[in-house]
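**Q** Here it is, the structure in full.
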Amino acid sequence: MQRIAILDLGTNTFNLLVAEKGKDGNPVFIYSKELPVELGKGGIHKAHITAEAIERAIKALHAHRKTMTEHGIKDQYAFATSAVRGAENKKEFTERVCIETGIEINILSGEEEAKWIYEGVKHASVLGKHTSVIMDIGGGSTEFIFANDKEIFWKKSYPLGVTRLYEIFRKADPLIHKQEEVKEHITDMLQDMFAAGEQFRPVNLIGSSGSFDSFAEILQARIGGKQNPGNGFDFPMDEFEKLHHLLMSSTVDERLKMKGLIEMRAPMFAYSSILTKTVLDKLAIKQMRLSHYALKEGIAGHLLAKL
């Protein structure tokens, strides 16, 4: 089967996904690798990709290229999201990457990002006939999509990623000392999303990949169960509530010791929690499910369908 590689160049991580078309025509995801890059570190609030971040990006892309060769990949599609689309030096960045690695970067708009997240979540088979709100937390942006398994009703991307929050609130550690200030900032930015929630009334929240993978891993480590929760994992909401309060009062050093939380997410993970908790509370949602699939899986499925 012909394989393709998707390179998802996010604000915090550069992700490689290798996929092929299955016998039934649906995408089969056969390999995934995540490398920490911190492209937004030190510059995202200034609309700038720092020289240090560019060097980390190129190093990671060389590593991904080596992996792609090992998998016999000929076709690739690379895309960048919030940190790059908002950077004043994005042209310099994309041109240098192309010269040094041979990888051409497509910069997605926020609307495109939300659309492909929805397509990825559809592949996870976690949507139903009822309306859900899909939430995808990134480093530079967070996307919200009100949808069911047939269609999107409303979608929007906000410059409200955890790296931005981390930079704005001066790395509050623990976050509890600035909890109300952060919550007010989130609420102010999401006014129209909350209004859409009043209109579409989602019955649950579907958290796609990233932070939600980590929430699931931590909760499984705390309460027992499968080591790797799959698509459709139902979050025990009472345990999530306990975890949220723990994250608000924890320091980075304490989070580094949490089972299920990977090291690179520890500094900013409390912001993922307060963002999620604020949305759950404002939309009065009592159920939350996990989708491992999101943006890169959505694009992979689209490209494979054309082969």
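What follows draws every value from the coordinates through simple rules; no lab data is involved. Note that the structure is predicted; figures quoted are calculated from it, not measured. Neighbour counts are summed over all protein chains in view; Cβ atoms, including those assigned to glycine, are modelled from backbone coordinates with ideal geometry.
**Q** Can you spot the aspartates and glutamates whose alpha carbon is less than 18 Å from LYS91's alpha carbon? Ignore those fewer than 8 places along the same chain.
**A** Once the sequence-local aspartates and glutamates are set aside, what remains near LYS91 is ASP8, GLU52, GLU55, GLU100, GLU104.
**Q** Sequence neighbours fewer than 8 away in the same chain don't count; with that in mind, list the lysines whose C-alpha is under 16 Å from LYS33.
**A** Answer for LYS33, where 16 Å is the Cα cut-off: LYS59, LYS66, LYS296, listed by chain and number.
**Q** Quick one: Karplus J couplings for segment 158-169, per residue in order, coefficients 6.51, -1.76, 1.60, θ = phi - 60°, nearest Hz, x for Gly and Pro?
**A** 10, x, 9, x, 5, 5, 4, 4, 4, 6, 5, 9
**Q** Using the crude model of +1 on Lys and Arg Cβ and -1 on Asp and Glu Cβ, and no other charge, please compute the dipole size for segment 170-244 relative to its Cα centre, in debye to 20.
**A** Values: 8 positive and 13 negative charges, 49 e Å.
Dipole about the Cα centre, nearest 20: 240 debye.
**Q** Then there's this: Could you run the Karplus curve 6.51 cos²θ - 1.76 cosθ + 1.60 with θ = phi - 60° over segment 275-281 and give me ³J(HN,Hα) per residue in whole Hz, x for Gly and Pro?
**A** Whole-Hz 3J(HN,Hα) from phi for segment 275-281: 5, 5, 4, 4, 5, 4, 5.
**Q** Right, another one. Which value, to two decimals, describes the C-alpha radius of gyration of segment 239-307 once divided by 2.2 N^0.38 Å?
**A** Cα Rg divided by the expected 2.2 N^0.38 Å: 1.46.
**Q** Let me see the P(r) profile for the chain: every Cα-Cα distance counted, bins of 10 Å, each bin given as a percent of all pairs.
**A** Here the calculated profile for the chain is 6, 28, 37, 24, 5, 0.
**Q** For a quick check: with amide H placed at 1.01 Å from N, whose amide H comes under 5 Å from TRP154's, ignoring anything fewer than 5 positions away on the same chain?
**A** Residues meeting the criterion, in which the H sits 1.01 Å from N, are PHE146.
**Q** Provide the per-residue ³J(HN,Hα) series for segment 126-134, in order, calculated from phi with Karplus coefficients 6.51, -1.76, 1.60 and θ = phi - 60°, each as a whole number of Hz, with x at glycine and proline positions.
**A** Values, residue by residue: 10, 8, x, 6, 6, 7, 10, 10, 8 Hz.
**Q** As a check on your grasp of the helix formula, calculate [θ] at 222 nm for the chain: sum -39500 (n - 2.57) over DSSP H runs of n ≥ 4, divide by the residue count, round to the nearest 500.
**A** Taken over the chain, the calculation gives -13500 deg cm²/dmol.
**Q** Across the Cα atoms of segment 125-291, what radius of gyration and what greatest pairwise Cα-Cα distance (Dmax) are found, in Å?
**A** 15.1, 44
**Q** If you don't mind, another one. Enumerate the whole-percent occupancy of each 10 Å bin, from 0 to the last occupied one, for all C-alpha pair distances of segment 105-193.
**A** 16, 41, 28, 15, 0
**Q** Search the structure for amide H atoms under 5 Å from the amide H of SER209, placed 1.01 Å from N in the peptide plane, and list their residues when 5 or more places away or on another chain.
**A** Hits under the 5 Å cutoff: SER291, HIS292, TYR293.
**Q** Still on this structure: Please give every one of the aspartates and glutamates within straight-line cross-link reach of LYS306, meaning a C-alpha to C-alpha distance under 13 Å, and leave out same-chain neighbours fewer than 8 residues apart.
**A** Qualifying aspartates and glutamates at Cα under 13 Å: GLU20, ASP75.
**Q** Which of the residue pairs LYS242/LYS286; LYS183/LYS277; LYS183/LYS282; LYS41/LYS277 have a Cα-Cα distance greater than 19 Å in the structure shown?
**A** Those over the limit are LYS41/LYS277.
**Q** Now a separate question. I want the antiparallel fraction of DSSP beta bridges within segment 3-110, as a percent rounded to 5.
**A** 65 percent
**Q** Oh, and also: What distance in nm separates the two pseudo spin-label positions at ASN26 and LYS171, each 7 Å out from Cα along the beta-carbon direction?
**A** My value for the distance between the label points is 4.5 nm.
**Q** Determine the dipole magnitude for segment 3-110: charges of +1 sit on the beta-carbon of Lys and Arg, -1 on that of Asp and Glu, nothing else is charged, the reference point is the Cα centre, and the result goes in debye to the nearest 20.
**A** 80 debye
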